[in-house]
Structures are given as C-alpha cells and as structure tokens.
C-alpha cells in the first residue's frame, strides 16, 4: 500500500491534486480541508494516502494529516459510505469538528452532505460513536451544533463552497435560521 506521497505539487484542483514524485505524477482525490493545506503549484508537499482497489481501477486518496486519514477509514467502514461520500464529509470541517459531531450525536450535520440521508447519518453516529469516544476523549471540543451560523456554513460547504468562501459569504449575512443565512449568502455570491 502507498502510505504517503512526498513531492512537488504539479496540479491543484478543487477535488484532486497531482504530486510529482521523481517524475511520476500521483493523482490524489482530496477533501476541501486537505486542499487548504496543499501549497501552490511548484512547491513541495507531503500527503498521507490511502489506496482503494476497485474493478474500475486504483484510486488514491490524499490527506493533510494522519487524523484525517483515520477518520476517512472509519467513515468508509460504515455501510453505505463510500470513498467519495467520505471525502464530502471530510470537506465539511476539520477532523476535530467532525469527531465532535459524531460524539455529540449530531446527525443533522451529516445530513447536509450530498449523498447522505437520515438513515446513513444515523448509521455513522451509531457505528462510530464508541470508536470516537474511546480514541479522542481528551481531544474533543464541544461546540453548539444548533448554532444557525454553523449549520449555514455546513450547508454552504455541502453545496460545494469551500469553508473559507462559506465563511466570507456568511460574514455579512443576516438571519435567525440557517435557511435565511444560506439564502443571504447565496445572494451575496451572485
């Protein structure tokens, strides 16, 4: 298995990067969180990886940290969650925030991710809650999952905006409900 890739960033796209390692370009699918840690084209990077072998080919996934890779592996272990959906989940916040959502039983946060319905979100919580509690008791930071701005940010990330852009769009948005904030942010994006 390929555990990590170190080299020069050759291509940087919203859903993947290509890292040139001594003349061989490795295409790695990445989350929005990982993409933030990847430097500009031409600079050196190191990404943790996971290789998935399927009938249609080999797919390499890249992660900015060991924690993100471990969370990815936990997510793909849940029935109904494949690698693409797991990357979409990881794009919705830092590993710490996602671990907190799992431990807090915040299935609404996962339902904002395209491809995850109520049953799958609840399955993620049920199957991973004990694993997360055992592994990260000291690391979990408690945040309010019912905060309208937090939910609106998650909604915008689920719609395809990166987290920084979502924060910028929500900066001047006014509203009491997540739906109002998202509507205001989308108007500002035009």
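The values are calculated or read from the model by the stated rules, or taken from the named source; none is laboratory data. From a predicted model like this one, the values you see are computed outputs, not experimental measurements. Backbone-built Cβ (ideal geometry, glycine too); neighbour counts: all protein chains shown.
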Looking at the stretch 5-15, can you tell me whether even one residue there is surrounded by 12 or more Cβ atoms within 10 Å (Cβ to Cβ) and either in a helix (DSSP H, G or I) or in contact with a helix residue (DSSP H, G or I) (Cβ under 9 Å, 6 or more places away or on another chain) (or both)?
yes
Name the single residue, out of those in the stretch 50-73 being part of a helix (DSSP H, G or I) and in contact with a strand residue (DSSP E or B) (Cβ under 6 Å, 6 or more places away or on another chain), that is surrounded by the most Cβ atoms within 10 Å (Cβ to Cβ).
69
Taking the stretch 29-49 and keeping residues farther than 19 Å from residue 113 by Cβ and either in a strand (DSSP E or B) or in contact (Cβ under 8 Å) with a residue 40 or more places away in the chain (or both) leaves 44, 45, 46, 47, 48, 49
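Return yes when residue 87 is in contact with a strand residue (DSSP E or B) (Cβ under 7 Å, 6 or more places away or on another chain), surrounded by fewer than 16 Cβ atoms within 10 Å (Cβ to Cβ), assigned by TED's automatic domain parsing to the domain that holds residue 132 and part of a helix (DSSP H, G or I) and no when it is not.
Values: in contact with a strand residue (DSSP E or B) (Cβ under 7 Å, 6 or more places away or on another chain): yes; surrounded by fewer than 16 Cβ atoms within 10 Å (Cβ to Cβ): no; assigned by TED's automatic domain parsing to the domain that holds residue 132: yes; part of a helix (DSSP H, G or I): yes.
The answer is no for residue 87.
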Residues that are without any contact (Cβ under 8 Å) to a residue 60 or more places away in the chain and either in contact with a strand residue (DSSP E or B) (Cβ under 9 Å, 6 or more places away or on another chain) or in the same structural domain as residue 152 (by TED's automatic domain parsing) (or both): does the stretch 90-97 have at least one?
yes
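Do we find that residue 80 is in contact with a helix residue (DSSP H, G or I) (Cβ under 9 Å, 6 or more places away or on another chain), free of Cβ contacts under 8 Å to residues at least 60 places away in the same chain and loosely packed, with under 14 Cβ neighbours inside 10 Å in this structure?
Criteria met by residue 80.
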Consider residue 97 carefully, then state whether it is within 23 Å of residue 35 (Cα to Cα) and either in contact with a helix residue (DSSP H, G or I) (Cβ under 9 Å, 6 or more places away or on another chain) or at pLDDT 90 or above (or both).
yes
Among the listed residues 78, 137, 89, 126, identify the single one that is over 30 Å from residue 17 (Cβ atoms) and either at pLDDT 85 or above or under 17 Å from the mean Cα position of the chain (by Cα) (or both).
126
Looking at (1) over 13 Å from the mean Cα position of the chain (by Cα); (2) under 19 Å from residue 160 (Cα atoms); (3) surrounded by 22 or more Cβ atoms within 10 Å (Cβ to Cβ), which is the only condition residue 109 fails?
(1)
Exclusive hit being surrounded by fewer than 18 Cβ atoms within 10 Å (Cβ to Cβ), on the phi > 0 side of the Ramachandran plot and at pLDDT 75 or above, set 160, 171, 175
175
